[in-house]
Amino acid sequence: MSVIDKVKQLISIMNENELSEIEIQEDVTKIRIKKTEVGYTHTVASSVAVPSIYPPPLEQKHPMPVLSKDSENITEIISPMVGTFYRANAPGAEPCVNVGDFVDEETVVCIIEAMKIMNEVKAELVGEVVDIYVNDGEAVEYGQPLFRVRPSTK
């Protein structure tokens, strides 16, 4: 398991158990994560070279959109990570999408800031945005529904 995967797993454990700090040591690698008011801080110590724990934003794999439980014709776009949700690419800019907008697989629907990195979230489906669950600047969790989209064949 890579260091990145371990850090993600530790953050998930912290969230599930409402922990503010966690530390593990495996062989020569020691990882310590502390939750602060601003976000997470981390330390990775090793007597061997450790790769960066900041993956390039475009290489992250996002969870696939899932069908909403309340309707067979509605799909939810879910959060691929823990972070802060932003509707626009920059402060004061127009939102990436609004209710009623049509999106395709490559449409950027929002930005999620995680560990000071701005990550674009793409729709990964074709359809019309029918609902936005999250407000600008709110914290989101991995797997949390962000948008409802009515799939289309356009």
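The values are calculated or read from the model by the stated rules, or taken from the named source; none is laboratory data. Worth saying up front: this structure is predicted, and the values here are computed from it rather than measured. Cβ placement follows ideal geometry from the backbone for every residue including glycine, while neighbour counts extend to all protein chains displayed.
Checked against (1) modelled with pLDDT under 90; (2) surrounded by 14 or more Cβ atoms within 10 Å (Cβ to Cβ); (3) closer than 23 Å to residue 35 by Cα, residue 62 meets all criteria but (3). Scanning region 70-105 for residues that are touching a residue at least 40 places away in the same chain (Cβ under 8 Å) and assigned to a loop (DSSP other than H, G, I, E, B) turns up 73, 74, 79, 80, 81, 82, 87, 97.
Could you check region 106-120 and list, in sequence order, the residues that are free of Cβ contacts under 8 Å to residues at least 24 places away in the same chain and either farther than 27 Å from residue 8 by Cα or assigned to a strand (DSSP E or B) (or both)? Result: 108, single match.
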